[in-house]
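**Student:** Dumping the structure here so I can ask a few things about it.
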Amino acid sequence: MANPVILCDAMLGGLARWLRAAGYEAQFIYGIDDRTLIQQAQKKDAIILSSDGKLFERNIIKDGSVRALFIPRDMTKHEQLAFVLKKLNLPVLPIPRCMACGGELIEIPKDQLKGLIPPKAYAAFDRFWRCGRCGKVFWQGTHWQKISKVLSTLQI
Ligand SMILES: [Zn+2]
């Protein structure tokens, strides 16, 4: 399966951010209801992740017309991430997606960013990426390193 779009239900915002860090286009809409979630999944040919048992009683999910994976509620976000990647047989991708919106990150030359990012980050790092969707700029700072560390310790 080539890099599927993943739709997270209203309870799984934290998981969506971690899936983006693992390189996947995970979407999360706060307060979305099951019916809209299913419609979106059909439109985008996406996989639904949900901790809502009721969703899985719907025929459209039961008969496999819309793909969905139940996420146990008693897991930490890291455990949820490991669970999803394993169940869906997805590798951790080398390039993360935007943690804020799930958009694709595009590497941009450092000199184009002078004055646009904190001077400390500019001085400390050489590689920078901008989200093609929301415009947020990322660099391989401590947050990124923390994410890589977590992802590399996941036994998957
Ligand atoms: Zn973004």
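The values are calculated or read from the model by the stated rules, or taken from the named source; none is laboratory data. Not measured: the values here are computed from a predicted model. Cβ coordinates were reconstructed from backbone atoms using ideal geometry, including for glycine residues, and neighbour counts include every protein chain displayed.
**Student:** Which one is nearest to residue 3 (Cα to Cα), of the residues in the range 47-56 that are touching a Lys or Arg at 6+ places or on another chain (Cβ under 8 Å) and surrounded by 15 or more Cβ atoms within 10 Å (Cβ to Cβ)? Before you say what the answer is, go through the steps one by one.
**Tutor:** Filtering the range 47-56 for residues touching a Lys or Arg at 6+ places or on another chain (Cβ under 8 Å) gives 47-48, 51, 56.
Narrowing the set further to residues that are surrounded by 15 or more Cβ atoms within 10 Å (Cβ to Cβ) leaves 47-48, 51.
Values: 47: 11, 48: 14, 51: 22 Å.
Taking the candidates together, the pick is 47.
**Student:** Here's a follow-up. Looking only at the range 1-25, which residues are out of contact with any Asp or Glu (no Cβ under 9 Å at 6 or more places or on another chain) and either within 18 Å of residue 145 (Cα to Cα) or assigned to a helix (DSSP H, G or I) (or both)? Can you show your working first?
**Tutor:** Kept after step one, since they are out of contact with any Asp or Glu (no Cβ under 9 Å at 6 or more places or on another chain), are these residues of the range 1-25: 1-2, 7-8, 12-18, 20-24.
Hits for the range 1-25 are 13, 14, 15, 16, 17, 18, 20, 21, 22, 23, 24.
**Student:** Kindly indicate whether residue 49 is part of a strand (DSSP E or B) and at pLDDT 90 or above.
**Tutor:** Yes: the conditions hold for residue 49.
**Student:** A further question follows. Mind checking which residues of the range 38-59 are of a type in the set (A, V, I, L, M, F, W, C) and more than 24 Å from residue 96 (Cβ to Cβ)?
**Tutor:** Passing the criteria: 38, 55, 56.
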